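Written out below as structure tokens is the structure these notes cover.
The values are calculated or read from the model by the stated rules, or taken from the named source; none is laboratory data. None of the values given here were measured: they were computed from a predicted structure. No Cβ is skipped: glycine too gets one built from the backbone with ideal geometry, and neighbour counts run over all protein chains shown. Ligands, DNA and RNA are stripped out before the accessible areas are found, and what is left, the full protein with its side chains, is counted by its heavy atoms. Shrake-Rupley method; radii C 1.70, N 1.55, O 1.52, S 1.80 Å.
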Amino acid sequence: MRPTISRLLQATRALQHENPLGLPKTGSIPRFQRGLPQKRKIPNVNKVIAVSSAKGGVGKSTIAANLALSLSRLGYTTGILDTDLFGPSIPTLFNLSSPSLSPNLNSNNQLLPLTSYGVKTMSIGYLLGSESSALVWRGPMLLKAIQQLLHEVDWSHPSLDILVLDLPPGTGDTQLSIAQQVVVDGAVIVTTPHTLAIKDAVKGVNMFRKVEIPILGVVQNMSVFCCPGCGKETHVFGGTEAVRKMCEEMEGGGTEFLGDVPLHPAIGEDGGRGKPTVVSDPEGKEAGAFMELGRRVAGLVGLPEMGKKL
């Protein structure tokens, strides 16, 4: 029987790193798959998009959460999968971080998503039991858990029009495993106007090109701060034209600029209290930026226009 994520967690708690996947101790040595795994679609999911940043701290998970909520508000049946096993943010962002909340299993031993604000969600954070719990996993355990989150979650009843993958920062094992295992219809790269973040965003674009995942475009987060008192605009992380220039001058062809999300205290505060901006202030200027991003992403992956869902 295949080890479940729950069994992997039990193995971690017992510190059984010598045999974390429960491989047989007798008999022949199991053969590992040679070459690349075959890409396959996630069952009951029409379109899959990845939200990524090669650099941490640029607000990627906040963008991913508000993008999923905007797609839901536009009328699409939407889900979000948190693939950041070491720093899961989706339970907090969707107000599902209570230890009493944990996913059930269906008759096929698949995890059932938890729903919040009309969006189906799944995260390893639901299985840890405590927000302060830390995973201390080696590579094989990490990759096995990623595989199960990708293929052993029941997204049916109803099936999804679109699934948003919230990727961890970087260009490492998790990103490569996802690219090799599932059909991803496009990637959204999140950056700030800061020079270091832009340099890493270029790396992120090049990574997805190498694994042949289409780049939908780049989102510039924390683009400008508007003083609520005097109305003066301040470019805290540098001029906003640098990201547009990067998109135009990318090697191997230009990359679409998907839009700006302003630096506003409410966006961070809304996410921290588990009620993202698209939900907490749906008619506000900041939510409008996310709604426009949702419309553009839906169009780029070929979803039909559904009209606004209020």
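Only one of G217, G204 is touching a helix residue (DSSP H, G or I) at 6+ places or on another chain (Cβ under 8 Å), surrounded by 16 or more Cβ atoms within 10 Å (Cβ to Cβ) and either in contact (Cβ under 8 Å) with a residue 40 or more places away in the chain or under 16 Å from F257 (Cα atoms) (or both); which?
Details: G204 fails: touching a helix residue (DSSP H, G or I) at 6+ places or on another chain (Cβ under 8 Å).
Answer to the selection: G217.
Scanning region 66-76 for any residue that is out of contact with any Ser or Thr (no Cβ under 7 Å at 6 or more places or on another chain), of a type in the set (D, E, K, R) and under 21 Å from V184 (Cβ atoms) turns up nothing. Quick check on region 198-207. Is at least one of its residues in a loop (DSSP other than H, G, I, E, B) and more than 17 Å from T62 (Cβ to Cβ)? Looking for residues that are in a loop (DSSP other than H, G, I, E, B) and more than 17 Å from T62 (Cβ to Cβ), one finds none in region 198-207, hence no. Of the residues examined, I90 is not one that is touching a helix residue (DSSP H, G or I) at 6+ places or on another chain (Cβ under 8 Å), β-branched (V, I, T), open to solvent by less than 40 Å² (accessible area, probe 1.4 Å) and over 30 Å from E283 (Cβ atoms).
Any idea which residue in region 234-279 is modelled with the lowest pLDDT, counting only those that are β-branched (V, I, T) and open to solvent by 40 Å² or more (accessible area, probe 1.4 Å)? Explain how you work it out, then say what you get.
Filtering region 234-279 for residues β-branched (V, I, T) gives 234, 236, 240, 243, 255, 261, 267, 277-279.
If we keep only those that are open to solvent by 40 Å² or more (accessible area, probe 1.4 Å) as well, we get 234, 236, 279.
Details: T234: 76, V236: 73, V279: 97.
Here the answer is V236.
Select, from L143, L135, L150, the only residue that is outside any strand (DSSP E or B), open to solvent by 40 Å² or more (accessible area, probe 1.4 Å) and not polar (S, T, N, Q). Before you say what the answer is, go through the steps one by one.
Numbers: L135 fails: open to solvent by 40 Å² or more (accessible area, probe 1.4 Å); L150 fails: open to solvent by 40 Å² or more (accessible area, probe 1.4 Å).
Within the list L143, L135, L150, the selection yields L143.
In region 43-71, which residues are open to solvent by 10 Å² or more (accessible area, probe 1.4 Å), assigned to a helix (DSSP H, G or I) and small (G, A, S)? S61, the sole residue that qualifies.
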